[in-house]
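Worksheet: the structure to be examined is printed underneath.
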Amino acid sequence: PVGAAQFLERTAPDARVFNDDLLGGLLLWNGYPHRQVFIDGRVQVYPAAIEGEWQRVLDDPRNFPQVAARWGIGAVVLHHPSPGRLELAAAIARTPGWRIAYLDAGGIVLLADGAPPGKPEGLADPVQGAATPGISGAFEMLVAPLRLPFEQATAYFQRGRAIHFLYGPPGYRLARADFEAALRLVPDFAPARAGLAATASAAAAGGVER
C-alpha cells in the first residue's frame with residue numbers, strides 16, 4: 001500500500017506511528033528514512049517489550065488506547081487484507097479523537113488529529129496490482145497479461161471488502177462499485193460475487209460518497 005505510506009507522509013509527517021510489521025520496511029526504506037516505526041519485519045531486532053505491545057494490540061484491540069497513550073501514537077497504518085486488521089481499524093476508529101483518514105486497496109491510515117470523521121481519501125483512486133520489482137523484465141512481460149487483471153480484481157475486491165466491513169450499509173454503494181469493477185476484470189471472481197450478494201440492499205444505502 002504505497003498510497004497509504006504517501007498519504008501518511010504528506011498529512012502526518014511528524015506523528016508517532018503504530019504500524020503493521022509488514023509495512024515497517026515500506027515506511028523506513030521507500031523514501032521515509034527519517035520516520036521512526038513501531039516495528040518492522042525484523043521483529044527479532046526489537047526489544048521483547050515492544051514486540052509484546054504490538055502483539056497485545058493485535059490480539060485485543062481494546063488494548064490500543066493504553067498503548068497509544070504510553071507511546072504518544074498519533075497515527076496508525078495497517079495492511080487491512082491481513083487477518084484481524086479490519087477489526088483493529090474499526091476499534092481504533094471508535095476511539096475518541098481518532099478517524100479513518102485514508103483507505104485504498106491495501107492500506108488504511110487512521111489519525112488522532114481531532115478532525116471530524118468524514119470521507120477518507122483513497123476511495124475514488126484507481127487501484128493497481130501488486131508491484132513486483134524483483135522479477136526480470138522479460139519474464140514480467142510474459143506473465144503480466146495473465147497476472148495483472150487478477151491482481152487488479154483482487155485489489156478492487158479488497159477495497160470493497162474494507163468499505164463493506166467498516167461502513168456497513170452506508171458504504172454499500174461504494175463497495176458494490178468495487179466488486180463490479182473486480183468482475184469486469186475477472187468475470188468468474190467468486191469473492192466479488194459474494195460481495196455483491198452481501199450488499200444486495202444497496203438501493204437504500206447512502207452515507208459515504210466518493
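The values are calculated or read from the model by the stated rules, or taken from the named source; none is laboratory data. Since the structure is predicted, the reported quantities are computational estimates derived from the model, not experimental observations. When we count neighbours, we look across all protein chains shown, and the Cβ atoms used for this are built from the backbone with ideal geometry, even at glycine. When the accessible area is computed, the model is the full protein with side chains, heavy atoms only, and any ligands, DNA or RNA have been set aside. Shrake-Rupley method; radii C 1.70, N 1.55, O 1.52, S 1.80 Å.
Go through (1) under 21 Å from residue 94 (Cα atoms); (2) assigned to a loop (DSSP other than H, G, I, E, B); (3) at pLDDT 95 or above for residue 164 and report which single condition fails. So residue 164 meets the others, but not (2). Checking each residue of region 70-77 against the condition of being in contact (Cβ under 8 Å) with a residue 24 or more places away in the chain and touching a Pro at 6+ places or on another chain (Cβ under 6 Å) gives no match.
Checking each residue in region 86-105 for being of a type in the set (Gly, Ala, Ser) and open to solvent by 10 Å² or more (accessible area, probe 1.4 Å) picks out 90, 91, 93, 97, 105. Residue-level check: of (1) at pLDDT below 75; (2) closer than 25 Å to residue 120 by Cα; (3) open to solvent by 30 Å² or more (accessible area, probe 1.4 Å), residue 24 misses just (3). The residues on offer are 16, 94, 70, 10, and the sole one that is closer than 22 Å to residue 165 by Cα and either modelled with pLDDT of 85 or more or under 18 Å from the mean Cα position of the chain (by Cα) (or both) is 94. With respect to (1) within 18 Å of residue 120 (Cβ to Cβ); (2) without any contact (Cβ under 8 Å) to a residue 24 or more places away in the chain, the lone exception for residue 187 is condition (1).
For beta carbons closer than 8 Å, sequence separation of 6+ or different chains, a first residue in region 99-119 that is over 15 Å from residue 9 (Cα atoms) and a second that is modelled with pLDDT of 95 or more and aromatic (Phe, Trp, Tyr), the qualifying pairs are 105/156. Just wondering, is there one or more residues in region 33-42 that are touching a Pro at 6+ places or on another chain (Cβ under 9 Å) and at pLDDT below 80? Checked region 33-42: at least one residue is touching a Pro at 6+ places or on another chain (Cβ under 9 Å) and at pLDDT below 80. The listed residues are 118, 107, 122, and the only one of them that is of a type outside the set (Ser, Thr, Tyr) and on the phi > 0 side of the Ramachandran plot turns out to be 122.
Condition check for residue 209 on (1) within 21 Å of the chain's Cα centre (by Cα); (2) open to solvent by 60 Å² or more (accessible area, probe 1.4 Å); (3) at pLDDT 90 or above: one failure, at (3).
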